[in-house]
Amino acid sequence: MLIQEQSRPGRPATAQAPLEMADVSDLPAGLRRQSRAALPEVSELQAVRHYTRLSQQNFAIDTNFYPLGSCTMKYNPRACNSLASLPGFLARHPAAPESHSQGIMACLHELQDMLKIVTGMHAVSLAPAAGAQGELAGVMMIRAYHDARGDHDRREILVPDAAHGTNPASAIMAGFTVREIPTGSNGDVDIAALRDAVGPHTAGIMLTNPSTVGVFDRNIQAIAETVHEAGGLLYYDGANLNAILGKVRPGDMGFDVIHMNLHKTFSTPHGGGGPGAGPVGVSKRLEPYLPVPLVVKDGDAYHWQVEQDRPESIGRMTAFGGNMGILLRAYIYARLLGAEGMRRVSEYATLNANYLLARLKEAGFTAAYPERRASHEFIVTLKKEAKEYGTNAMDFAKRLLDYGFHAPTTYFPLLVPECLLVEPTETEPKEALDGFVDAMTKIRAEAQENPDTLKQAPYSLPVRRLDDVRAARQLDLAWKPAQAED
Amino acid sequence: MPFIPHTESDVAEMLAVIGADSIDDLFDEIPRELRAKGLDGIPAGLSEMEVSRLMQSRARADGQPLCFIGAGAYEHHIPAAVWQITTRGEFYSAYTPYQAEASQGTLQVLYEFQSMMTALTGMDVSNASLYDGASALAEAVLMAVRANRKSKSKRVLMPRNLHPSYRRTCKGLVGNQGIELVEVDFERETGKTPVAALEAAAADGECAAVVLPQPNFFGALEDVDAVTDWAHQRNMLVIGVVNPVALALLTPPGDWGETGADIACGEGQPLGMPLASGGPYLGFLTCKQDFVRQLPGRIAGKTLDADGKVGYTLTLQAREQHIRRSKATSNICTNQGLLVTAATIHMAILGAEGLERVAAACHANTRRLTALLCEIPGVEPLFDGPVFHEQALRLPAPTADVLSALAAHDILGGFDLGAEYPELDPALLVCATEMRTEEDMIIFRDKLANALRGARGEGRGNTA
C-alpha cells in the first residue's frame, strides 16, 4: 500500500514542524495556493513503519551478493557515512566564506591530489555530480580544446560498440556526432576499423579499459597512437577503474581526459540510483578547461578557484560545485585504504573475477572470451542454454533472485547474445562466490528439467515477474487523489 | 587488509583453480611497460580511529556559524526519522532498480516521490530526480526546445533575476547544442521581470520557451499568471523554477495562468537535505502529460506482476541512454536516488500542513529579520513588493567588508548581491528560515550595526 493510501485527513505529525502557523496574510491572495497539496497525512510511526518495510523489499550490498557488472557493488564502509555526516560538514552552507571552509577544503584538495596520483593525470576537478556528468565534462573539454585551436571541423567522437550508453549520449550533449567502432572477436577494439575511421573530423575517442566485455585492451598503445596522430584526443571512461587501481594509470596509457565513478571505485553508496560523483582528470593541455570550482592551496590556506579565476573553464556542472558529501566519503575511504589498500582493491577484485569465471567454466558455463583473462568482471553467454532449454539470460537472472543473489547485468554489452556481465568485487569472500556457482548450476539443472521453473521466476520475492509492457502502455506514473475513491 | 576478506589459504586455493601462480599473473595481458611503478604521494592507510580523529578536527575547523544565507540552499529542520531510515543499508547500499522484483522498496519510493512532486507542483508527471536544481533547469530547457511543436526556435528567454549559478550552469550545459539563452533584465524598482521586458527581448526573434522563477533570486514574487498567459499566446512553453517549500504557500506552476506552466523544475534540497556544502541535493523535473516522452532520467511506473498483484518498475526506458544511446533524451544514468528517499520520507512525515507551517515560519522570520535590520540607519529594502524567503537589502557600506566582519563573529550575514549584480552594489540578500530564533536575529542586527560602524576595507574572498 502506498503511503498516500494510508493518509487520513487531520492526522499530521505536528511535532516535526513549527507548532504554530505563522501569519502570512501579507502575501497577495492572487499568488497564494488555493488548496493544500495532496501529501500524505500520517503519524511518524506510520511513516517509519512504512519506509522500514519498504527498505526490506530491496536487495542491497548489505543484505545480498550483488554481482552487477560494471557497477562495482562493493562494501560501503559505515565509517565513511558517519564521518561525512559530522555536524560541521552537514551544517556548512555552500556560500560560506573560505574562513569557515578550511576543513572541508583540505579534504577536497587532498582528494584532488590522490586522484591525480592514481590516474596519472596532471590535474583533477571534483565538480561533476556523477559518471555521466563527468563524461559530459570530459567531451566538453575536448571540444573547448579543439575550438581554442581554431580546429572547428573536429566534430566526431568515436565510440566502441561495447561502450556504456552514456558515452554516445554524452558526446551528443556536447554537440558532437558519434561514430561506432566495432569490437574484434577477441574482445579488443578492431584496430583496422579504427584506422579507417580516424581523420580530420575526429575530435577524440571514448574508451573504457578494461572494456565492458571484461578484458584489458592489449592494443591500447596502438589505439592511443592512431587517434593522437589523427589529431584526436583520448577519453578514458573510468567506470572500470576498480580493475586497475594502482596497477596501470590512464595517464600512462596516453589518455588526455578521464572521469572516475567514486560510487564505484571509491566505495561511496549507490543509494538506489545515486548520488554519484564523477571527478575528471586531464593532461596538461586540457587543464585550462576543467570545470569549476577547484581547490588550490597557498601556503597553509585553501582557496576556491571559480569562473573569474579560470576564464577558459567549461564552467560549472551544478549550482554549488558538486556532490560534496560524496566526495568526503570517497576521501575517507581513500585515507582508510592508503596506497597499499588501493593496490589490493584491483588485485583482489581481479582474483575474485578470475576465480568465479574459472569455477563457472568448470561447471560447464560458456565464457564469452574464453581465451582471455578476466579483468574485474567477465561475461558468460547463455546462448547454449537458450538454444537447448529455451530459457534466456533474463530467466536465469530472475531465478537467481530466488536463490538470494542479485542478478548480474543482463543484455549488456549488446554485442554478446544472452549475456550476463558478472562483477564480484574485492569485498566478497570466497564462500559467496562458491554459493553463486552452486546456484547457477542448480538453475541450469532446473532449466533442463522444466524450463518453466525459470520462466515463471521469481517466486519468493515481494512480487512475481512484473509486466513491463503494461507499465509502458498503461502509463501510471503518479498516485492522484481521485484514485482514492476507486 | 581493509575490507578484503581473503585468508592466505583462500588465495592459494583460488589461484590453483584459476591455474595462476600469483595474483600478479592475472595482470599479464597488460603490457609490462604500462604497469604503474607505485603510488608515490598517497599516504599509508589509517585505522578507523585515526581517520575519525582527523575528520573530527576538519569538521570542527568549519565551525557551526549562525547562518543567514539562503541563495538557493536553505537550512531547515529535518525530522530525526528521515536520515535514520534513509541510511538503512537496504536503501543506502542498493543500486538503480534494474531488477524490479528485487527492488520494490526503492521503486515504490520513487513512485511515491513522483506522486508527491506532482501534488506539490500541480503538474501531471515527474521523473525520479536529476542532479540538482541547476542541472534540472538545463534539462528542462533542452526538453522545452525538443517538445515545442509550434516553434522550431532554439532561443529561450532567461531572466537575469534567476539564480546566477543556475544561469551559468545552464549556459554551459546547453550551449553546445546550439541553444541561445536570451538574458532579460529585471525592473529596478521591483526586482521582477515584467511582461514588457520579456516582450522587448522576444521582439528580436522567435523563442521556444521562457524560464520563470517563483520566487526569483531576490525573493521577489513574479506575476506568474500574466507571464504564463503572455508566453502561451506567443507559442512559447513556460518553464517554472520553484522552491518546493514555497509551494506549500504559493500557487503551484500547474495552476499558473489559464493553462498552467508546461514544465516545472527546481532544487529539492529544502525537502530534508542538510546544507552539506552544496550537495548531494536533488533536482526535480515535472511536466504536463503531453511531454512525458521528452522527460530525461528515470521514471517509475505502476504495473502488475504475473499473479495480478500491484508492483512498480522503471518505465519508458526507450528514452534513456542505456537503450537509445546517442538518441536518448539525456546522458543521465545515476541520479540522486538516496536523496529522493530522504525527500519522500520528509514529505510523508511533514504532510502538506507541516510543510505549510515551515514555509509560513520562514516567511514570517524573513519579514521579522527585515524589520530588525532596517532599524539600522542606511539599511533598507532594495525592491518594493511581496517577497518569499529572501530579502534584498541596500547597505550603506561595502558588502564584502561587512560580511568579513560578521564572519569573524561566526555569523554568515547573507549573500553579497553586488558581486553578481554590480549595479546593485552595495547590497545584501538575507534569509531567515524557521531555524532562526528572535534571539539569533537580534544578535545579527546588533553585530551588523557594529560592522557597519566599523566597516573598513578587507579583501573579498571567493566562495565555491
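The values are calculated or read from the model by the stated rules, or taken from the named source; none is laboratory data. Predicted, not measured: the structure shown is a model, and the values here were computed from it. Cβ coordinates were reconstructed from backbone atoms using ideal geometry, including for glycine residues, and neighbour counts include every protein chain displayed.
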Checklist (1) in contact with a Cys (Cβ under 7 Å, 6 or more places away or on another chain); (2) without any contact (Cβ under 8 Å) to a residue 40 or more places away in the chain; (3) facing chain A (nearest Cβ under 7 Å) applied to B:Asn176, failing item: (1)
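How about the range A:378-486: which helices (runs of 4 or more DSSP H) wholly inside it have at least 1 residues that are within 14 Å of another protein chain (Cβ to nearest Cβ) and either over 27 Å from B:Leu316 (Cα atoms) or without any contact (Cβ under 8 Å) to a residue 24 or more places away in the chain (or both)? Can you show your working first?
Values: elements: A:383-389, A:393-402, A:430-449, A:451-455, A:468-473.
Where helices (runs of 4 or more DSSP H) fall fully within the range A:378-486 and carry at least 1 residues being within 14 Å of another protein chain (Cβ to nearest Cβ) and either over 27 Å from B:Leu316 (Cα atoms) or without any contact (Cβ under 8 Å) to a residue 24 or more places away in the chain (or both), they are A:393-402, A:430-449, A:451-455, A:468-473.
What about B:Glu258, is it modelled with pLDDT of 95 or more and touching a helix residue (DSSP H, G or I) at 6+ places or on another chain (Cβ under 8 Å)?
On the way: modelled with pLDDT of 95 or more: yes; touching a helix residue (DSSP H, G or I) at 6+ places or on another chain (Cβ under 8 Å): yes.
When the stated conditions are applied, B:Glu258 passes them.
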For B:Gly418, the lone unmet condition from (1) assigned to a loop (DSSP other than H, G, I, E, B); (2) surrounded by fewer than 20 Cβ atoms within 10 Å (Cβ to Cβ); (3) not hydrophobic (A, V, I, L, M, F, W, C) is (1)
Is it the case that some residue within the range A:315-329 is in contact with a strand residue (DSSP E or B) (Cβ under 6 Å, 6 or more places away or on another chain), outside any strand (DSSP E or B) and at pLDDT 95 or above? no
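Among the residues of the range A:153-176, write down those that are out of contact with any helix residue (DSSP H, G or I) (no Cβ under 7 Å at 6 or more places or on another chain) and over 30 Å from A:Ala368 (Cβ atoms). Walk me through it before giving the result.
The initial filter retains those residues of the range A:153-176 that are out of contact with any helix residue (DSSP H, G or I) (no Cβ under 7 Å at 6 or more places or on another chain), namely A:153, A:155-156, A:160-164.
A:Asp153, A:Arg155, listed by residue number.
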Criterion violated by B:Gly72 - all others in (1) within 7 Å of chain A (Cβ to nearest Cβ); (2) in contact with a Gly (Cβ under 8 Å, 6 or more places away or on another chain); (3) surrounded by fewer than 21 Cβ atoms within 10 Å (Cβ to Cβ) satisfied: (3)
With respect to the numbered conditions (1) within 16 Å of A:Ser267 (Cα to Cα); (2) over 19 Å from the mean Cα position of the chain (by Cα); (3) at the interface with another protein chain (Cβ under 7 Å from one of its Cβ atoms), which one is the sole condition not fulfilled by A:Ala84? (3)
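Using the structure shown, decide if B:Glu112 is under 21 Å from the mean Cα position of the chain (by Cα), in the same structural domain as B:Asn243 (by TED's automatic domain parsing), buried (at least 24 other Cβ atoms within 10 Å of the Cβ) and of a type in the set (Asp, Glu).
Working: under 21 Å from the mean Cα position of the chain (by Cα): yes; in the same structural domain as B:Asn243 (by TED's automatic domain parsing): yes; buried (at least 24 other Cβ atoms within 10 Å of the Cβ): yes; of a type in the set (Asp, Glu): yes.
So B:Glu112 passes the test.
Would you kindly identify the strands (runs of 3 or more DSSP E) lying entirely within the range B:188-290 that contain at least 1 residues that are of a type in the set (S, T, N, Q) and within 14 Å of another protein chain (Cβ to nearest Cβ)? Give the steps one after another, and end with the answer.
Details: elements: B:209-214, B:237-242, B:263-267, B:283-287.
Hits in the range B:188-290: B:209-214, B:283-287.
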Let me confirm something: among B:Glu50, B:Glu8, B:Glu13, B:Glu29, which residue is closer than 21 Å to A:Leu337 by Cβ, of a type in the set (Asp, Glu), outside the structural domain of B:Glu439 (by TED's automatic domain parsing) and surrounded by 12 or more Cβ atoms within 10 Å (Cβ to Cβ)? B:Glu50
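So if I check each of B:Ala359, B:Ala352, which one is part of a helix (DSSP H, G or I) and more than 7 Å from chain A (Cβ to nearest Cβ)?
Numbers: B:Ala352 fails: more than 7 Å from chain A (Cβ to nearest Cβ).
When all the criteria are applied, what remains is B:Ala359.
Regarding B:Glu189, is this residue surrounded by fewer than 21 Cβ atoms within 10 Å (Cβ to Cβ), over 22 Å from the mean Cα position of the chain (by Cα) and in contact (Cβ under 8 Å) with a residue 60 or more places away in the chain? Walk me through it before giving the result.
Numbers: surrounded by fewer than 21 Cβ atoms within 10 Å (Cβ to Cβ): yes; over 22 Å from the mean Cα position of the chain (by Cα): yes; in contact (Cβ under 8 Å) with a residue 60 or more places away in the chain: yes.
It is true that B:Glu189 is surrounded by fewer than 21 Cβ atoms within 10 Å (Cβ to Cβ), over 22 Å from the mean Cα position of the chain (by Cα) and in contact (Cβ under 8 Å) with a residue 60 or more places away in the chain.
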Please verify whether the range A:293-308 includes one or more residues that are crowded, with 24+ Cβ neighbours inside 10 Å and away from chain B (no Cβ under 11 Å). no
Provide a single number: the residues in the range A:10-65 that are touching a Pro at 6+ places or on another chain (Cβ under 8 Å) and without any contact (Cβ under 8 Å) to a residue 40 or more places away in the chain. 10
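Evaluate the following for B:Ala61: is it surrounded by fewer than 24 Cβ atoms within 10 Å (Cβ to Cβ) and either of a type in the set (Ser, Thr, Tyr) or more than 7 Å from chain A (Cβ to nearest Cβ) (or both)? Write out each step before concluding.
Numbers: surrounded by fewer than 24 Cβ atoms within 10 Å (Cβ to Cβ): yes; either of a type in the set (Ser, Thr, Tyr) or more than 7 Å from chain A (Cβ to nearest Cβ) (or both): no.
Answer is no for this residue.
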State whether one or more residues within the range A:136-146 are over 29 Å from B:Gly41 (Cβ atoms) and more than 8 Å from every other protein chain (Cβ to nearest Cβ). yes
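Of the residues B:Thr169, B:Thr228, only one is closer than 30 Å to A:Ala38 by Cα and hydroxyl-bearing (Ser, Thr, Tyr); which? Quick ask: steps written out before the conclusion?
Values: B:Thr169 fails: closer than 30 Å to A:Ala38 by Cα.
That would be B:Thr228, the only listed residue that is closer than 30 Å to A:Ala38 by Cα and hydroxyl-bearing (Ser, Thr, Tyr).
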Within the range B:337-349, does at least one residue satisfy the condition of being among the hydrophobic types (A, V, I, L, M, F, W, C), more than 30 Å from A:Ser460 (Cβ to Cβ) and out of contact with any helix residue (DSSP H, G or I) (no Cβ under 6 Å at 6 or more places or on another chain)? yes
How many residues does the range A:265-289 hold that are within 25 Å of A:Gln102 (Cα to Cα) and surrounded by fewer than 24 Cβ atoms within 10 Å (Cβ to Cβ)? 2
Could you please tell me which pairs satisfy a Cβ distance under 6 Å, a separation of 6+ or placement on different chains, a first residue in the range A:158-181 that is assigned by TED's automatic domain parsing to the domain that holds A:Ala132, and a second residue that is in a loop (DSSP other than H, G, I, E, B) and of a type in the set (Ser, Thr, Tyr)? A:Ala162/A:Ser211; A:Ala162/A:Thr212
Would you pick out the residues in the range B:292-322 that are among the hydrophobic types (A, V, I, L, M, F, W, C), free of Cβ contacts under 8 Å to residues at least 24 places away in the same chain and facing chain A (nearest Cβ under 7 Å)? B:Leu304, B:Ala306
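Residues of the range B:387-410 being buried (at least 17 other Cβ atoms within 10 Å of the Cβ) and at the interface with chain A (Cβ under 10 Å from one of its Cβ atoms), which ones? Quick ask: steps written out before the conclusion?
Here is the first cut: in the range B:387-410, the ones buried (at least 17 other Cβ atoms within 10 Å of the Cβ) are B:387-395, B:397-407.
Answer for the range B:387-410, where residues must be buried (at least 17 other Cβ atoms within 10 Å of the Cβ) and at the interface with chain A (Cβ under 10 Å from one of its Cβ atoms): B:Val387, B:Phe388, B:Ala400, B:Leu403, B:Ser404, B:Leu406, B:Ala407.
Being part of a loop (DSSP other than H, G, I, E, B) and either surrounded by 15 or more Cβ atoms within 10 Å (Cβ to Cβ) or hydroxyl-bearing (Ser, Thr, Tyr) (or both) is the filter here, so list the residues in the range A:187-204 that pass it.
Keep residues of the range A:187-204 that are part of a loop (DSSP other than H, G, I, E, B), which gives A:187-188, A:190, A:198-201.
Passing the criteria: A:Gly187, A:Asp188, A:Asp190, A:Val198, A:His201.
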Which residues, counting only those in the range B:362-386, are surrounded by 18 or more Cβ atoms within 10 Å (Cβ to Cβ) and away from chain A (no Cβ under 14 Å)? B:Leu372, B:Leu373, B:Ile376, B:Val379, B:Leu382, B:Phe383
Residues located in the range A:76-115, provided they are surrounded by fewer than 20 Cβ atoms within 10 Å (Cβ to Cβ) and in contact with a His (Cβ under 8 Å, 6 or more places away or on another chain): A:Glu98
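Helices (runs of 4 or more DSSP H) wholly in the range A:9-103 with at least 2 residues that are under 18 Å from B:Cys362 (Cβ atoms) - which ones? Spell out the reasoning first.
Details: elements: A:44-55, A:78-84, A:87-90.
So the answer is none; nothing clears 2.
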